[in-house]
Amino acid sequence: MDRFDLVHDGWLPLRQRHDGALLEVGIERALTEADTFTELVVELATQVPALLRQVLLPVVADAVGLPADRAEWRRRFEAGAFTEAERDRIRAYLAEHGERFQAFGHAPFAQVGSLEAVSGETKGAGLLVATEFTGNNVPLFGSRTEAEPPALTPAEAVRWLVHAHCWDTAAIKTGAKGDSKVKAGKTTGNPTGPLGQLGVLIPTGRTLYETLLLNLPVGARSLLGTPQWRRPAAGPVWAAAGYPDGLLDLWTWQSRRIRLIPEDTPQGVRVRRVIVAAGDRMRELPEWEPHTAWKYDKPAAKAKAADRKPRRHMPGKAIWRGLEALLAVHHSDLDSGSVETSSLLRQAADLRAVGALQEDYPLRVEAFGIMYGTQSAIVDDVYHDLIPLPVAALQADAELYGVLVEMTSQAEQLARAINHLSADLRRAAGLDPIPWDKGQRPGQQLLHRLDPVVRRVLGHVGGLDDEQLETVLLAWEQVAYRITRQIADEVFAAVPESVFAPRRSSSDKEAPAAKPGLGHVEGTLRRDLSVILPRAAEHRRAA
């Protein structure tokens, strides 16, 4: 059977910078020509952090090294590409460890070549694919049943292999031969893959090269550790819970024991069967995990490291709606607790402060997450969002920081005002308000319509002076006012014509004062809009 060499054979789908064409390349070309590619283009968004962490970042960090200090990071970033010496080091590194970068064989990449199930059975390859029907996992958009396992190309199989190490569902896994912990042919109590417990944040640049540099921690050489391919090949038996010995161990963590089973077909080598067994369990998430924001159970003044947990993304909530947390370079009190952004965004703020990263640099932040259901044994939803993040905003005392936080706060306040309007009108019509957890309230519709406006602002405010920022805020408020009035008019139009005066709700158990009429409700909305959008209100009065 032909080998599939991850170093040279095409399996990493990248978009070319000069013409936007899609090209599948091996690890060596992806890295040595990283400046000629813009982004990974994958089947499911959550493959992006898996490919970066399980493959590209650790190879760069181990072969070329982490930047020793900000000066070295700046030199490498401003170069815009790997030097010829660095490319030679990458090529030599991949050649040295080439046998561990084979998809199939005795010690295949991120697998156990000798893995066998106690039952002697194998599973359909859909077990690796988060969008496929397997067992209890019934994805929203799955079109194939478990009886029809996909025939994955080697490239597809390896992409889903690394995805499983990062995001696999929890609960029951196949029992492996030789594993004394197996009961009734299976193991239980398996956690999700490590990234499944995070709200993943990836700082993204204009090219793959810049993205790699933005995701390399500066001055962390003592935390480097060892990647899985420089360790003895893993056996079928998983060990007791452990702790990563450094970044490379964390990034290439083998959370499952997996074996891809290739077969020759008229179309070429395909993977239709796999074995997925229990793998390494992480005792606790290291405090130096670089790809997540954090939340504290207590206010910042009282918070300790033990109180810190990853801040996960909220399904259906655009990342800009949590912008204040994203910009929290230092502990920031929000409600009763506090938050802190990822260490890589804190690093970007530090690099900006010393001039290593320019204020007008078009930094973007990409967010990923998986929402699990039923004891984390099924995939309920996949989260992915990307926003421009002006580098100048990563400083709490900067004017731009205040502008962006104010803008996103105004959007949330407008949504609440529209929801209050809807609730008052429903009461006036003798109905109960729409419950917050059932149905779609009009405030959500408003946030949906404001979303492209906020994103345009985020993409164009970098490098503006204070006067220009004030002009942007006025323009934002005027557009936000217009859209809010449109939603309000739709809410008013849904009110029965008979509602012209205060009425009582039939659900009232006591005899409260009369419910507000249309005139009162309209007046309340106008006052709310004037308070929330003061610049737009002043502009209307002056016109």
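The values are calculated or read from the model by the stated rules, or taken from the named source; none is laboratory data. A quick note: this is a predicted structure, and the numbers were derived from the prediction, not measured. With ideal geometry, Cβ positions are generated from the backbone for all residues, glycine too; neighbour counts draw on all protein chains shown.
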(message) I'd like to know if the stretch 441-453 contains one or more residues that are surrounded by fewer than 15 Cβ atoms within 10 Å (Cβ to Cβ), in a loop (DSSP other than H, G, I, E, B) and touching a helix residue (DSSP H, G or I) at 6+ places or on another chain (Cβ under 8 Å).
(response) no
(message) Against the definition (assigned to a loop (DSSP other than H, G, I, E, B), touching a residue at least 12 places away in the same chain (Cβ under 8 Å) and among the charged types (D, E, K, R)), how does Asp245 come out, yes or no?
(response) yes
(request) Could you please find all residues in the stretch 103-150 being modelled with pLDDT of 90 or more, over 11 Å from Leu260 (Cβ atoms) and among the polar types (S, T, N, Q)? (result) Ser114, Ser119
(request) Give the stretch 224-242 a look and list any residue that's more than 21 Å from Leu52 (Cα to Cα) and out of contact with any Leu (no Cβ under 6 Å at 6 or more places or on another chain), or say none. (result) Pro232, Ala233, Ala234, Gly235, Val237, Trp238, Ala239, Ala240, Ala241, Gly242
(message) I'm told Thr226 meets every condition in (1) under 24 Å from Leu94 (Cα atoms); (2) surrounded by 18 or more Cβ atoms within 10 Å (Cβ to Cβ); (3) at pLDDT 95 or above except one. Can you identify the failing condition by its number?
(response) (2)
(message) Residue under question is Pro154, and the condition is that it be surrounded by 22 or more Cβ atoms within 10 Å (Cβ to Cβ) and either within 30 Å of Met314 (Cβ to Cβ) or at pLDDT 95 or above (or both); does it hold?
(response) yes
(message) Step by step: first the residues of the stretch 347-374, then only those that are touching a strand residue (DSSP E or B) at 6+ places or on another chain (Cβ under 8 Å) and free of Cβ contacts under 8 Å to residues at least 60 places away in the same chain, then the one that is farthest from Val48 (Cα to Cα). Which residue is that?
(response) Gly373
(message) Condition first: assigned to a helix (DSSP H, G or I), surrounded by fewer than 16 Cβ atoms within 10 Å (Cβ to Cβ) and either polar (S, T, N, Q) or on the phi > 0 side of the Ramachandran plot (or both). Now tell me which residues in the stretch 374-411 satisfy that.
(response) Ser409
(request) Would you confirm whether any residue within the stretch 503-512 is surrounded by fewer than 17 Cβ atoms within 10 Å (Cβ to Cβ), aliphatic (A, V, I, L, M) and at pLDDT below 75? (result) yes
